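Taken together, the values in this text are just the output of simple stated rules run on the coordinates, not laboratory data. No experiment lies behind these values; they were computed from the predicted model shown. Virtual Cβ from ideal backbone geometry, glycine too; neighbours counted across all protein chains shown.
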Amino acid sequence: MSALDEVRAMMIFARVVEDGGFSAAARKMGLSRAAVSHQIRQLEAKLGVPLLRRSTRNFSLTDAGTRYYDSCRTIALEAEAARKRVEVLRDEPVGKISITSSVHLGTLRIVPILDRFRQTYPGVAIDVHLSDEVVDLIGRGIDIGIRSGPLKSSDLKSFKLYQTHRIIAAAAGYVARAGLPEAPEQLADHDWVMYSRVPETLRLTCDHQEKSIRVSGSVRVDNATARLQFLRGGHGLAVVPFCDIADEIARGDLVHVLPNCKLPDLEVFAVFPAGVTRSAKIQSLLDFMRRELRDIDMGRNGG
């Protein structure tokens, strides 16, 4: 009998004593009466002493069985306590969550949301990784990644956080100097702040007509925060998420260029390995982020 088999038999023995019989213990443990009886016999053989005095309809504990039961009961109680401790991690938002995002989106939206989440759930520890590289979640042991779509096919699950329009924008100073494009074809004549994640050929829908316009510029960045800074500085036009600059558009600091032309919407997702949402802390954070981003989600507010 191995050590693991012995521990299992000890827990079965404790259950037999507590339930008052082999049949009752077998029912509660999902075993046959014969299997329970076999485990007790093996345990007695291992110990070299009888634990029970058996009769046709009843049993009683030997002196050795009485003393041994105390130890078996302690093991059974510890096992139950361990199970409940793990269930708390599953059912209550406690423990550590690791999350990764791009630097721009993380700084602008995700970190402030995580700040408010921890105010609500102080039992959750947060490990934040901000990087413009696509991080291997499984390889790095990270619970959640924040990514913009469309997503590549993978084994990861996804949860859409929000959807926003992308627009062409320019600084008021740039418009005063270079003029405002009045037709999509004129976009190619303007300077652009080029962003590595936006194709050089823009695909627009203008008054129900599809347009493909190739653009270029003397400023190229691989970071969305840098794109915004160069856009605000008047270095050219840029494609940006509307929710990132809505206030600046309203103030007149930035100008919405060709508002009758539409670009594909930007969708932002939380991605995660299969199974992690069984944890209450992960599901609570996903639900919290979705609620916090409700106001900018064009998919829910009809924008």
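Scan segment 150-234 for GluC sites (Glu not before Pro) in coil per DSSP, keeping those whose Cβ has at most 10 other Cβ atoms within 10 Å, and list them by number.
Numbers: sites: Glu182, Glu185, Glu200, Glu210; in loops: Glu182, Glu200.
Within segment 150-234, the qualifying GluC sites (Glu not before Pro) (loop, at most 10 other Cβ atoms within 10 Å) are Glu182.
Length gain on complete extension for the stretch Ala183 to Lys96, per 0.36 nm per residue less the alpha carbon to alpha carbon distance?
Taking 0.36 nm per residue and subtracting the Cα distance, the gain is 26.1 nm.
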If you consider only alpha-carbon coordinates, what radius of gyration and Dmax does segment 3-91 have, in Å?
13.7, 45
Just need the relative contact order of the chain here, percent rounded to a whole number, with Cα pairs under 8 Å and 6+ apart.
21 percent
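Sort Tyr162, Tyr121 so that the residue with the fewest other Cβ atoms within 10 Å of its own Cβ comes first and the one with the most comes last. List each step's numbers first, then the result.
Numbers: Tyr162 23, Tyr121 18.
The order, fewest Cβ neighbours first, is Tyr121, Tyr162.
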Counting helices only, and only those DSSP H runs with n ≥ 4, report the 222 nm mean residue ellipticity of the chain as the sum of -39,500 (n - 2.57) divided by its residues, in deg cm²/dmol to the nearest 500.
-12500 deg cm²/dmol
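Would segment 166-262 count as rounded, prolate or oblate if I go by the C-alpha gyration tensor, calling it rounded below 1.5 in a/c and otherwise prolate when a/b exceeds b/c, oblate otherwise?
Working: a/c = 1.37, a/b = 1.18, b/c = 1.16.
Rounded, since a/c falls under 1.5.
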Proxy exposure order for Cys206, Cys261, Cys72 (fewest C-beta within 10 Å first) is Cys206, Cys261, Cys72
Exceeding the 30 Å Cα-Cα cut-off - candidates Lys28/Lys96; Lys96/Lys152; Lys96/Lys157; Lys28/Lys157; Lys28/Lys281
Lys28/Lys96; Lys28/Lys157; Lys28/Lys281
By how many degrees, 0 to 90 and rounded to 10, does the Cα axis of helix 33-47 deviate from the longest principal axis of the chain?
70 degrees
Between Asp247 and Thr107, the FRET efficiency computed from the C-beta separation at R0 = 22 Å comes out, to the nearest 0.05, as 0.85
Using the beta-carbon distance between His38 and Thr66 and R0 = 25 Å, what value does 1/(1 + (r/R0)^6) give for FRET efficiency, to the nearest 0.05?
0.70
Mean separation of Cα pairs under 8 Å and 6+ residues apart, divided by the residue count of segment 166-262: what relative contact order is that in percent?
45 percent
So what is the relative contact order for segment 3-91, in percent, with contacts set as C-alpha pairs under 8 Å and at least six apart?
27 percent
Quick numbers on the chain, Rg and Dmax over C-alpha atoms in Å, give 31.8, 103
Going by C-beta contacts inside 10 Å, put Arg33, Arg166, Arg214 in order with the fewest on the left.
Arg214, Arg33, Arg166
Given points 7 Å out from each Cα along the Cα-Cβ axis, report the Cys206 to Ser131 separation in nanometres with one decimal.
4.1 nm
